1. Can you tell me which of VAL118, VAL151 is surrounded by fewer than 11 Cβ atoms within 10 Å (Cβ to Cβ) and not in a helix (DSSP H, G or I)?
2. So, of the residues in the range 90-116 that are small (Gly, Ala, Ser) and within 35 Å of the chain's Cα centre (by Cα), which turns out to be nearest to TYR135 (Cα to Cα)?
3. How many residues does the range 14-32 contain that are free of Cβ contacts under 8 Å to residues at least 24 places away in the same chain and either over 21 Å from GLN88 (Cβ atoms) or polar (S, T, N, Q) (or both)?
4. Name the residue that is modelled with the lowest pLDDT, counting only residues in the range 22-51 that are within 16 Å of GLY67 (Cβ to Cβ) and either assigned to a loop (DSSP other than H, G, I, E, B) or touching a Phe, Trp or Tyr at 6+ places or on another chain (Cβ under 7 Å) (or both).
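The values are calculated or read from the model by the stated rules, or taken from the named source; none is laboratory data. On a predicted model such as this, the values are computed, not experimentally measured, just so you know. Glycine also receives a Cβ, built like all others from the backbone with ideal geometry; neighbour counts cover every protein chain displayed.
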Amino acid sequence: MAYDEKQFLDLLQEYKSDETRKARRNLSTISFVIVAAWLLGIRLVDIRVLGLDISQTAELPVLLLAGALLIYWTVMFLLTWKHDKEIQRERAMLLSAQVKRFTERLRVIEQKRVKSGVEWTPTDYPDVKAALDAYKAQQERTGKAAQFGAVIKQLELYVPLLLGASAAIVLAYGVIHALRPVGS
């Protein structure tokens, strides 16, 4: 029974795809721009986008376009996050299956030793014992990292979503304000 310490460590680490990172970054960026502009009292039409001057554009289309981008990046972030979560679940199952295989083999060996009353040591016993010992040691060494990882995982999910929700509120306010008749 082969044991690869690096493979076990890889399976212990949370899976995060580049797509999720990019979607999280893009959602955070568009949300930040919308919220920051609102907090600073800057209209979105007054912001230069890719060198384009859109200050002569009506405010409503710009707000709707920003809203469409916000929705798109929110959906992309949630889909890629869910995708990563499913892959992580599969990785956890693989790790669990490997550990279970080693644990079961060690249990069988120890039962045979007890039943026979003889110091019986199969050829794979040292490998199985070493694999389980290394896995347990790895779990202990990475325990603190797992705690930090859990906090990071929560922040990576909720901060962009809260920023997105704040930006959606700001955009809704802007659209309502843009639809009001002039002078009211």
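1. VAL118
2. SER96
3. Selection size over the range 14-32: 1.
4. Top of the filtered list is ILE47.
Condition check ((1) in contact with an Asp or Glu (Cβ under 8 Å, 6 or more places away or on another chain); (2) in contact (Cβ under 8 Å) with a residue 12 or more places away in the chain; (3) outside any helix (DSSP H, G or I)) across all residues:
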residue	(1), (2), (3)
ILE54	no, no, yes
LEU65	no, no, no
TYR72	no, no, no
ILE87	no, yes, no
PRO122	no, yes, yes
LYS129	no, yes, no
ALA137	no, no, no
ALA145	no, no, no
